[in-house]
1. Looking at the stretch 177-188, which of the residues that are modelled with pLDDT of 95 or more and more than 17 Å from Asp150 (Cα to Cα) is farthest from the chain's Cα centre (by Cα)?
2. Checking Ala300 against (1) within 27 Å of Asn115 (Cα to Cα); (2) open to solvent by 50 Å² or more (accessible area, probe 1.4 Å), only one condition comes out false. Which one?
3. Asn166: modelled with pLDDT of 85 or more, more than 28 Å from the chain's Cα centre (by Cα) and open to solvent by 80 Å² or more (accessible area, probe 1.4 Å), yes or no?
4. Identify all residues within the stretch 308-321 that are within 14 Å of the chain's Cα centre (by Cα), crowded, with 19+ Cβ neighbours inside 10 Å and not polar (S, T, N, Q); write none if there are none.
5. Just one of the numbered conditions (1) surrounded by fewer than 18 Cβ atoms within 10 Å (Cβ to Cβ); (2) assigned to a strand (DSSP E or B); (3) not basic (Lys, Arg) is not true of Val290; which one?
6. So which strands (runs of 3 or more DSSP E) stay within the stretch 157-248 end to end and still have 2 or more residues that are in contact (Cβ under 8 Å) with a residue 60 or more places away in the chain and within 27 Å of Val349 (Cα to Cα)?
7. Checking Asn63 against (1) among the polar types (S, T, N, Q); (2) modelled with pLDDT under 90; (3) over 30 Å from Gly306 (Cα atoms), only one condition comes out false. Which one?
8. Search the stretch 263-287 for residues being within 30 Å of Tyr326 (Cα to Cα) and of a type in the set (D, E, K, R), and hand back the single one that is most open to solvent (accessible area, probe 1.4 Å).
Amino acid sequence: MHKNNAEDLLRRYHNGQVSEEEKAWVETWYLHMKTDDQTDELTDDVMEHDRQQSLDALLHDINAPRHTRLWPRLVAAAVIIMILAGIYALNHRQKTPQTVAATKPVVHDFAPGSNKVILTLSNGSKIELNDAKKGKVADEGGTLINKTADGQISYAKQEGADHLKNQQLFNTAATPRGGQYQLVLADGTRVWLNAASSVKYPVEFSGSERKVELTGEAYFEVAHDQKRPFRVVSNGQMVEVLGTHFNINAYDNEQAVKTTLLQGSVRIVAGANIKTIKPGEQAQLKHGQVTVNAVDTDEAVAWKNGFFNFNDADIGTVMRQLTRWYDLEVKYEGSIPQRQFTGEISRNVTARQILDILSFKKIHYRIDGNTIVITP
């Protein structure tokens with residue numbers, strides 16, 4: 001692709017005349033490069049150099065084989081090119097002197113979330129595991145709670161320890177907004193907690209079942225145990241498995257409770273509704289009814305893999321995810337914009353970078369303290 005073709009791509013994007021693949025090239029590439037707000041005075045030579053450099057970079061990425069394109073790099077050039085081109089043209093048409101601000105404006109932004117969790121023990125005491133040292137964290141009835149070298153929680157039954165009889169102890173791991181965490185339960189089941197989520201579980205599984213309680217969202221890789229089913233209770237439903245990989249999204253402010261199966265078999269029980277789903281399917285509990293549909297599982301577990309993944313998502317869906325991950329609030333002035341968003345974005349970028357991508361879809365916003373205000 002030549003430079004003229006790249007500029008034509010940007011013009012067609014601006015006019016809404018690009019294919020989905022071309023749209024992805026431009027939008028996802030835009031985000032990464034727009035990491036710094038440059039407010040220094042730019043000379044004509046500097047602007048033309050930056051514009052040419054951005055075009056050259058765009059040409060390189062577009063012409064690269066598909067398997068070599070790096071999504072984390074694909075971000076801000078489109079807007080930078082258009083802005084620089086506009087400024088460059090304006091400066092050549094209008095040479096009147098302009099006053100340059102002596103100080104840079106304050107740019108508000110929100111850093112991405114990180115590993116954060118509060119562990120509540122059976123006696124009610126709380127431990128912020130971010131601050132806890134690696135190794136033993138607590139001893140619950142003969143079961144050691146450890147913080148592993150990679151910062152996860154794990155449970156190990158002590159051999160020869162005097163375990164409590166006829167008493168089941170429970171722990172709760174809770175992530176705040178802007179947090180996520182991974183833990184390994186006593187049976188070897190691995191749990192990934194998304195932001196603003198919690199899971200309550202026994203320190204040691206006993207009896208004929210393994211039952212946990214979930215709020216928010218979590219991904220489970222359940223250790224197989226033919227004799228003891230694993231059950232997850234969450235927001236009006238119970239999910240029962242023997243050993244499998246699945247994701248449950250059960251936030252109170254979402255329209256439906258979504259259970260997505262990646263491997264194995266899962267049974268959903270919600271009142272009188274009982275459904276069994278297969279890998280690649282998702283059960284949705286909404287208004288007391290359960291429906292099952294085939295879905296893109298990558299979208300459901302994108303958060304676990306470090307991405308936002310939107311497929312025709314409206315602005316409300318997008319902003320609910322942003323508020324949880326960046327620990328911010330959102331407010332709408334006037335009517336909520338009717339826009340649909342499709343694409344994948346790294347969760348390692350700042351909130352402002354994602355908001356700048358949304359502005360491609362004519363989403364207007366301002367930042368007011370800890371609140372993103374969406375405006376007409």
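1. Of everything passing the filter in the stretch 177-188, Arg177 is farthest from the chain's Cα centre (by Cα).
2. Result: Ala300 fails condition (2) only.
3. So Asn166 does not fit the description; no.
4. Scanning the stretch 308-321 gives Phe308, Ala313, Val318, Met319.
5. Here Val290 clears every test but (1).
6. The qualifying strands (runs of 3 or more DSSP E) are 179-184, 190-193, 210-221.
7. The failed condition is (3).
8. Lys286
The values are calculated or read from the model by the stated rules, or taken from the named source; none is laboratory data. Source: prediction; values computed, not measured. FYI the Cβ positions are ideal-geometry reconstructions off the backbone, even for glycines, and counts take in every protein chain you see. For accessibility, only protein heavy atoms count, side chains too; no ligands or nucleic acids. Shrake-Rupley method; radii C 1.70, N 1.55, O 1.52, S 1.80 Å.
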